[in-house]
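Peer 1: I have a structure here, written as structure tokens, and I will follow up with some questions on it.
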Amino acid sequence: MSQDNGRIEKVSIVISRGSLDGVYPGLIMANGARMEGIEANLFFTFFGLETIMTKHMDKLKVATVGNPAMHMPSVVGMLPGMSALATKMMGREMEKIDIPPVPEFVEMVHDAGVELYACRATVDMFHLKKEDFCPEVEDIINVGQFYEMAHGGQIIFT
Amino acid sequence: MTTMTVKDRSIEVNEEGFLVNPDDWNEEIAQEIATREDVGELKEEHWKVIRFMRDDFQANGKVPTIRRMKKTGGVPVKDIYRLFPKGPAKKAAKIAGLSKPEGCV
């Protein structure tokens, strides 16, 4: 299928969450694929759509509530400013290892040849329009078109 | 360990084709690696990237990321992918006589 001499040739990555920790893995994997010469598509669905929405893409936050790996009780995570603080700290560490903020990352993966798509069902559910998305977004597609696009490659859900 | 012959000189490279001894590097060797990597003839645009990578490595001891090539080196991401198709960071590092990039971006 997508493997030739044991090498992955193509990946289609789904980003379904809208927290910072929810969107970065997919962006890093898509970018990393291009860096290795692997074809890559990104499909944004549900809250993952915030990654490519002009209004929200620079405001994504780390989830500090209901996340045991934060090593803080949820009631602490609920305090005003906690999520902003965690986001700021993560952003600083990421900058050190050259991982860009979300809007710049979206532009970078696009320039690297990743095609970006928004999920039709979510767009309809939230009454969104093409204009709500950043210019890097190729199209709004349904799940059938997603599978067509993903044909011959691996699908990764995040 | 394998070797690569450039103008009757035998150069040591590892199994992925990176130079074993960075001091072996010169422009003829860079061109030979570029040919093997299907990058073709190195033009001024390529040399600009290669020189930036080598200078940056000298200054910081790390192979620059694609983002760094863009932000600090002033080379647009699209150009990097066009100049070094199919795996730009690794290919450019190899041609520049540097080691394999270690980071995830």
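Peer 1: Whole angstrom only: what separates the Cα centroid of segment B:1-52 from the Cα centroid of segment A:94-130?
Peer 2: So the separation of the two Cα centres works out to 36 Å.
Peer 1: In debye, nearest 20: dipole of chain B around its Cα centre with unit charges on the Cβ of K, R (+) and D, E (-)?
Peer 2: 680 debye
Peer 1: Over segment B:2-95, what relative contact order in percent results from Cα pairs under 8 Å that are six or more residues apart? Provide the component values of the computation, followed by the final result.
Peer 2: Details: 83 pairs, mean separation 21.8, N = 94.
Relative contact order of segment B:2-95: 23 percent.
Peer 1: Hull surface divided by four, with the convex hull built on the Cα atoms of chain B: how many nm²?
Peer 2: Mean shadow area of the hull around the Cα atoms is 6.2 nm².
Peer 1: Taking the Cα centre of the protein assembly as shown as origin and charging only Cβ (+1 Lys, Arg; -1 Asp, Glu), how large is the dipole, in debye to the nearest 20?
Peer 2: 720 debye
Peer 1: Name all residues of segment A:90-105 having a backbone nitrogen under 13 Å from the label point set 7 Å from the Cα of B:Thr72 along its Cα→Cβ direction, giving them as ranges.
Peer 2: Once the point is set 7 Å along Cα→Cβ of B:Thr72, A:96-99 turn out to lie under 13 Å by backbone N, inside segment A:90-105.
Peer 1: At 20 angstrom or more along the helix axis (alpha-carbon based) and mean Kyte-Doolittle of -0.5 or higher, what helices does chain A contain? Whole DSSP H runs only. Mind dumping the intermediate values first?
Peer 2: On the way: long enough: A:20-35 (22 Å, 0.51); A:82-96 (22 Å, -0.41).
Counting only whole DSSP H runs, the qualifying helices are A:20-35, A:82-96.
Peer 1: Also, I was wondering about something else. Name the most mobile residue of A:Leu20, A:Leu49, A:Leu79, meaning the one with the largest mean-square fluctuation, in a Gaussian network model of chain A with Cα contacts below 10 Å.
Peer 2: Fluctuation is largest for A:Leu79.
Peer 1: Give a quick list of chymotrypsin sites (Phe, Trp or Tyr not before Pro) in segment A:83-158 that DSSP marks as loop, anything other than H, G, I, E or B, with at most 10 other Cβ atoms within 10 Å. Numbers along the way, then the final one.
Peer 2: Details: sites: A:Phe105, A:Tyr117, A:Phe126, A:Phe133, A:Phe146, A:Tyr147, A:Phe157; in loops: A:Phe126.
In loop regions of segment A:83-158 (DSSP not H, G, I, E or B), there are no sparsely surrounded chymotrypsin sites (Phe, Trp or Tyr not before Pro).
Peer 1: I need A:Cys119, A:Cys134 ordered by Cβ neighbour count within 10 Å, fewest first.
Peer 2: Values: A:Cys119 23, A:Cys134 16.
With the sparsest Cβ surroundings first, the list reads A:Cys134, A:Cys119.
Peer 1: Which semi-axes, in whole Å and largest first, does the equivalent ellipsoid of segment A:17-91 have when worked out from the alpha carbon gyration tensor as the square roots of 5 times its eigenvalues? Intermediate results must be reported in sequence, preceding the final value.
Peer 2: Numbers: eigenvalues 142, 38, 22 Å².
Rounded to whole Å, the semi-axes are 27, 14, 10.
Peer 1: Another question, if that's okay. Looking at B:Ala34, B:Gly87, B:Ser10, which one has the Cα that reaches farthest to the positive end of the dipole of segment B:2-95 (charges on Cβ: Lys, Arg +1; Asp, Glu -1)?
Peer 2: Going by the Cα projections, it comes out as B:Gly87.
Peer 1: How much space per residue, in cubic angstrom, does the convex hull of the C-alpha atoms of segment A:3-157 take up?
Peer 2: Numbers: hull volume 19.1 nm³, N = 155.
Convex hull volume per residue, Cα atoms: 123 Å³.
Peer 1: Hey, if you put +1 on the Cβ of every Lys and Arg and -1 on every Asp and Glu Cβ in the protein assembly as shown, which of A:Ile99, A:Pro135, A:Val65 ends up farthest toward the positive end of that dipole?
Peer 2: Among A:Ile99, A:Pro135, A:Val65, the one farthest towards the positive end of the dipole of the protein assembly as shown is A:Val65.
Peer 1: While we're on this one: Give the residue list of trypsin sites (Lys or Arg not before Pro) in segment A:67-151 that are DSSP loop and have at most 15 other beta-carbon atoms within 10 angstrom.
Peer 2: Details: sites: A:Lys88, A:Arg92, A:Lys96, A:Arg120, A:Lys129, A:Lys130; in loops: A:Lys129.
Listed in order of number, the matching sites are A:Lys129.
Peer 1: Have a look at A:Asn31, A:Asn67, A:Asn41 and tell me which one the Gaussian network model of chain A (Cα, springs below 10 Å) gives the largest fluctuation.
Peer 2: Most flexible of the set in this elastic network: A:Asn67.
Peer 1: Return the distance in nm (one decimal) between the two label points of a simple spin-label model at A:Asp58 and A:Ile8, each offset 7 Å from Cα along Cα→Cβ.
Peer 2: Between A:Asp58 and A:Ile8, the simple spin-label model gives 3.2 nm.
Peer 1: Could you please tell me the mean projected area of the C-alpha convex hull for the protein assembly as shown, averaged over all directions and given in square nanometres to one decimal? Could you put the intermediate results ahead of the total?
Peer 2: On the way: hull surface 66.3 nm².
For the protein assembly as shown, averaging the hull's shadow over all directions gives 16.6 nm².
Peer 1: Set the Förster distance to 25 Å, then compute FRET efficiency between B:Gln58 and B:Lys86 from the Cβ-Cβ distance, nearest 0.05.
Peer 2: Details: r = 27 Å, r/R0 = 1.08.
Efficiency, rounded to the nearest 0.05: 0.40.
Peer 1: Where does the longest stretch of chain B lie that holds no trypsin sites (Lys or Arg not before Pro) found in a DSSP loop with 13 or fewer other Cβ atoms within 10 Å?
Peer 2: Details: sites that count: B:Lys7, B:Lys43.
The reported range is B:44-105.
Quick note: the coordinates plus some simple rules give every number you see, no bench work behind them. As the structure is a prediction and not an experimental result, all values here were calculated from the model. No Cβ is skipped: glycine too gets one built from the backbone with ideal geometry, and neighbour counts run over all protein chains shown.
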